[in-house]
């Protein structure tokens, strides 16, 4: 069963989000093991990341081993985020080749 997780951080800036992403990139594969989809973007205010995972275990392992340390390095805390999680019944994507990719 695939799991979708939306992470909303109302105080995270784009600069901090880039710091988190840079740290995560240095600690393992992108996308992370067990992740099927990773989307991130700015809110007004804050930042949102939506991910789809193969399992709860893969998601939990990523949070523990890679995301929590990345947040801490950027001066952020996962205690300040809102998590919305649900089981995925369908996932459909069109042609994403035109979507800008991070450097």
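Coordinate-derived values only; no laboratory data. Owing to the predicted nature of the structure, the values given are computational and were not obtained by experimental measurement. For neighbour counting, all protein chains shown are included, and Cβ atoms are generated from backbone atoms with ideal geometry for every residue, glycine included.
Computed values, structure above
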quantity: GNM flexibility winner over the chain from 35, 70, 22 (Cα, springs under 10 Å); calculated: 22
quantity: Two-site label geometry, residue 13 and residue 39: point separation in nm, points 7 Å out along Cα→Cβ; calculated: 2.7
quantity: Candidate values [x] 31, 30, 27; [y] 35, 32, 25; [z] 50, 40, 21, label of the one derived for Cα extents along the principal axes in Å; calculated: [y]
